[in-house]
Every structure is written in C-alpha cells, then in structure tokens.
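A short worksheet on the structure shown next.
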Amino acid sequence: MTTKLNPYISFRDNAKEAAEFYHSVFGGELEINTFGDTPGMADASEADLVMHASIVTPKGLTLFLADTPAHLEHHPGDNIQISLSGEDEDELRGYWDGLSAGGTPGVPLEKAPWGDTFGMFTDKFGVGWMVNILGSQP
C-alpha cells in the first residue's frame with residue numbers, strides 16, 4: 001500500500017455544508033460521521049457537528065473535513081492551501097470553476113512563467129486553492 005497525503009480541513013459549525021459542496025465538485029463517495037454518532041464525544045449542543053467526513057474519488061483524490069468543537073481555537077484559512085495539479089486540463093478547469101464559485105479571486109488561471117497554467121483563489125469557506133495544469137513538455 002502506498003502512502004497518501006490527505007488534506008484535512010477544520011471548520012466551525014459548517015463542515016457538513018462544506019463537505020457537500022466539495023462532494024458536488026469532486027464527486028466520489030462522501031461519508032459523514034457526527035460527534036453524536038460516537039457516544040461521549042460531544043455535549044448535546046454539538047452532537048450534529050461533523051467529527052469526521054471524507055470524500056474519496058474514483059481517481060484517488062481524498063479530502064477529510066471536521067468541525068472544531070467550541071472549546072478549541074479555530075483559525076480558518078491561515079495555515080492551509082490545497083494544490084490540485086496534473087495533465088487533465090478539462091478536469092482541472094472543472095475543479096477550478098466549481099471550487100472558485102462564490103469565492104475570492106487570487107491569481108488568474110493562465111500561462112505561468114514556468115510553462116504550466118497556474119492560478120490561485122480562496123473558496124467561499126476561506127480555504128486557499130492552487131491549480132497547476134502541466135504545460136507541454138519539450
């Protein structure tokens with residue numbers, strides 16, 4: 001079995017909404033477990049919050065999400081960026097279009113000095129994304 005790097009994004013009370021949004025963009029299988037699903041994991045006011053959600057796509061992308069309980073600090077967007085890169089231009093542009101909807105533009109998705117097509121944005125949940133479409137190789 002190979003080792004995978006799986007981005008894990010923490011939210012404050014809206015991980016379910018975020019998971020459903022990311023699932024609508026990436027597809028694949030979405031699983032959501034709440035704190036209430038595991039006895040003793042949360043007080044009653046946080047029982048419906050997401051303890052762990054995962055999205056796994058047929059192409060091997062994996063994304064984990066969770067809500068941060070109220071007693072823990074939460075600083076959205078200041079310690080994570082997620083990079084999507086590869087050769088499939090149609091697929092990557094589709095992710096760009098879906099994920100950037102309602103977000104904040106950053107670097108436009110266009111030809112970069114290193115020969116690839118590259119862009120950056122922050123999605124509507126405050127998560128930074130980078131997309132790099134490999135250019136023609138000499």
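The values are calculated or read from the model by the stated rules, or taken from the named source; none is laboratory data. On a predicted model such as this, the values are computed, not experimentally measured, just so you know. Heads up, the Cβs are rebuilt from the backbone with ideal geometry, glycines too, and the neighbour counts pull from every protein chain shown. We work out accessible area using only protein heavy atoms, side chains counted, and drop any ligands, DNA or RNA first. Shrake-Rupley method; radii C 1.70, N 1.55, O 1.52, S 1.80 Å.
Which net charge results for the neighbourhood of Asp123, defined as the other residues with beta-carbon distances under 14 angstrom from its beta-carbon, given Lys and Arg at +1 and Asp and Glu at -1?
Net of charged neighbours comes to -2.
Averaged over its residues, the chain has an accessible area of 60 Å² per residue, based on protein heavy atoms and a 1.4 Å probe.
A probe of 1.4 angstrom, applied to the heavy atoms of all protein chains, finds Val25 with accessible area near 30 square angstrom.
The computed Cα extents along the principal axes in Å for the structure shown corresponds, within [x] 47, 26, 22; [y] 58, 34, 24; [z] 40, 34, 31, to [y]. Taking a point 7 Å out from the Cα of Asn6 in the direction of its Cβ, the residues of the stretch 51-91 whose backbone N falls within less than 12 Å of it are 52-57, 61-66.
Can you send over the carbon and sulfur percentage of the accessible area for the chain, probe radius 1.4 Å, protein chains only? Could the numbers behind the result be given before it?
Working: 4320 of 8260 Å².
The value for the chain is 52 percent carbon and sulfur by accessible area.
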